[in-house]
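Taking it in order: structure first as structure tokens, then the write-up.
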Amino acid sequence: MSSERSVRMSTQLVHGDHGVSSEREVAPSISVTSTFRAKVPTDDSNAENLGAMNPDLHVYSRYSQNVSSRVEQVLNKVNHGHSVTYASGLAAAYSALVHYKPKRIAITKGYMGCHGSIAVYLKGRFEDTPVIDLDDEYQEGDLCWLESPLNPTGVSRDIKYYADKVHAVGGKLLIDSTFGPPPLQYPFKWGADCVFHSGTKYFGGHSDLLCGILIVKSAEERQELWHDRTYMGNMMGSLESWLLLRSLRTLHLRVPRQSASGTELAQWLNNAVNIPVGQEYDGIPGGMITKVWHSSLQGTDSRGFNPAAQMEGGYNAAFSFLLSKVEHAKMLPHSLDYFVPATSLGGVESLVEQRVNSDPKEDPLLVRISVGVEDVEDLKDDLRQGFQKVLNISPL
């Protein structure tokens, strides 16, 4: 495939790994080998070739193998950077901390798993590494750990603002863009130094694999991450790599559909917020929903940030809302037919949870939903009947 041609994302997802494998097969096989037959040494043989996306250079599966090389090639193209895959999202988060060795970490709210990874990383540090707020003053050596859209609410943060702020003192910005995969959001355009994804979510898309991804701007930095991964031993397995490559083929079909449905549902639910008790909005009992968060509901802030520009391909498909009673938040996930009562997000099936069950710091009234690829009208009908079902539940 010529590098001079401008190839669109949908085509890259299907054909972006051409040339990485020497096999003639269309769908890749799941490689189960741990080691490879050595080639006859030549004058240009050296260890720097390990991990290259070339099947003739595979040596040992801890370095590289066919399917993981193919999947990273596709990820490179659709994320406009240089990718490394890991065994899980938290393995990738920990690896980013090892790589950047921050003097301080600026982070506020967001996914509790990343806070847990930071806590584990700090246990092994002999130097004090303070954790500060995103809006504190920065200094040299800081790592700004930004999440946008934010878990669990789904609100967007201004990537460029925080990138400019940390770059002004020589620091780095890592963004957790799990809620905003391509084609929704491209963080490098707004100044990010490293893009982090829990590939378990939208890249995997079928609730059947664990994966973490780090994307950086240069091949040299990618090589540093790959070297660290080799000796930390937290690479993806062959089956997970194969599942991820399979799933990436349909990313451009799944994510825009989920985005459109999620945006429609968020705005529909938001219309019920100010409906008095005893009345209804389109089948939603009044007084039941007290707040809805979603990037599409934010508008422009006092600094001029509008999520519509940053989320150029559409808004997030995972978001949260508050219910007026704890018993409603507890029982709604178990009163629905098409929303599965489970944690995680990004799969083809819609999920729902009272978020406090996964993150004890969250408000017990908060319900998080992840919108799948079902028909949005069926999802509305399901929520209508679910709200009606929990309406008369006695207080706990």
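The values are calculated or read from the model by the stated rules, or taken from the named source; none is laboratory data. Fair warning: this is a prediction, and the values are worked out from it, not measured in the lab. Backbone-built Cβ (ideal geometry, glycine too); neighbour counts: all protein chains shown. Heads up: the accessible areas ignore ligands, DNA and RNA and are worked out on the full protein's heavy atoms, side chains in. Shrake-Rupley method; radii C 1.70, N 1.55, O 1.52, S 1.80 Å.
Among residues of the range 172-186 that are outside any strand (DSSP E or B) and open to solvent by less than 10 Å² (accessible area, probe 1.4 Å), those with a beta-carbon under 8 Å from a residue that is at pLDDT below 95 and not hydroxyl-bearing (Ser, Thr, Tyr) at least six positions away or on a different chain give the pairs PRO182/MET9.
Close contacts from the range 289-312, counting a first residue that is in a strand (DSSP E or B) and at pLDDT 95 or above and a second that is surrounded by fewer than 17 Cβ atoms within 10 Å (Cβ to Cβ) and among the hydroxyl-bearing types (Ser, Thr, Tyr), with Cβ to Cβ under 7 Å and a gap of 6+ residues or different chains, come to THR290/SER324.
At pLDDT 95 or above, more than 21 Å from ILE215 (Cβ to Cβ) and open to solvent by 90 Å² or more (accessible area, probe 1.4 Å): does that describe LYS101? First the steps, then the outcome.
Working: at pLDDT 95 or above: yes; more than 21 Å from ILE215 (Cβ to Cβ): no; open to solvent by 90 Å² or more (accessible area, probe 1.4 Å): yes.
Taking the combined requirement at face value, the residue does not satisfy it.
Selection over the range 189-201 of residues that are touching a residue at least 60 places away in the same chain (Cβ under 8 Å), open to solvent by 10 Å² or more (accessible area, probe 1.4 Å) and not small (Gly, Ala, Ser) gives a count of 3. Residues that are farther than 28 Å from GLU362 by Cα and among the acidic types (Asp, Glu) within the range 139-183 comprise GLU140, ASP164, listed in sequence order. When VAL67, VAL59, VAL20 are screened for being in contact with a Pro (Cβ under 6 Å, 6 or more places away or on another chain), over 26 Å from ASP193 (Cβ atoms) and either at pLDDT below 95 or of a type in the set (Ser, Thr, Tyr) (or both), only VAL67 passes. Restricting attention to the range 327-350, the residues that are open to solvent by 60 Å² or more (accessible area, probe 1.4 Å) and not basic (Lys, Arg) total 7.
Annotation: ARG229 fulfils all but one of (1) assigned to a loop (DSSP other than H, G, I, E, B); (2) more than 25 Å from ASN151 (Cα to Cα); the unmet one is (1). The residues of the range 71-98 that are open to solvent by 10 Å² or more (accessible area, probe 1.4 Å), under 17 Å from GLY346 (Cβ atoms) and of a type in the set (A, V, I, L, M, F, W, C) amount to a single one, LEU90. In the range 362-396, how many are of a type outside the set (A, V, I, L, M, F, W, C), assigned to a loop (DSSP other than H, G, I, E, B) and in contact with a strand residue (DSSP E or B) (Cβ under 9 Å, 6 or more places away or on another chain)? Residues flagged as of a type outside the set (A, V, I, L, M, F, W, C), assigned to a loop (DSSP other than H, G, I, E, B) and in contact with a strand residue (DSSP E or B) (Cβ under 9 Å, 6 or more places away or on another chain) within the range 362-396 amount to 5.
Please pick out the residue among GLU220, GLU224 that is without any contact (Cβ under 8 Å) to a residue 12 or more places away in the chain, of a type in the set (Asp, Glu) and either in contact with a Lys or Arg (Cβ under 7 Å, 6 or more places away or on another chain) or surrounded by fewer than 22 Cβ atoms within 10 Å (Cβ to Cβ) (or both). Break it down into steps so the answer makes sense when it comes.
Numbers: GLU224 fails: without any contact (Cβ under 8 Å) to a residue 12 or more places away in the chain.
Answer to the selection: GLU220.
Annotation note: Cβ proximity below 7 Å between a residue of the range 329-346 that is free of Cβ contacts under 8 Å to residues at least 40 places away in the same chain and over 19 Å from GLU377 (Cβ atoms) and a residue that is surrounded by fewer than 20 Cβ atoms within 10 Å (Cβ to Cβ) and of a type in the set (Gly, Ala, Ser) (sequence gap 6+ or interchain) occurs for THR343/SER358. Apart from one condition, ILE369 fits all of (1) open to solvent by less than 10 Å² (accessible area, probe 1.4 Å); (2) farther than 12 Å from PRO152 by Cβ; the exception is (2). When the range 135-162 is filtered for residues that are assigned to a helix (DSSP H, G or I) and surrounded by 22 or more Cβ atoms within 10 Å (Cβ to Cβ), the ones remaining, listed by number, are ILE159, TYR162.
For the range 282-326, a residue qualifies if it is polar (S, T, N, Q), open to solvent by 10 Å² or more (accessible area, probe 1.4 Å) and farther than 19 Å from LEU269 by Cα, and the qualifying residues are THR300, SER302, ASN306.
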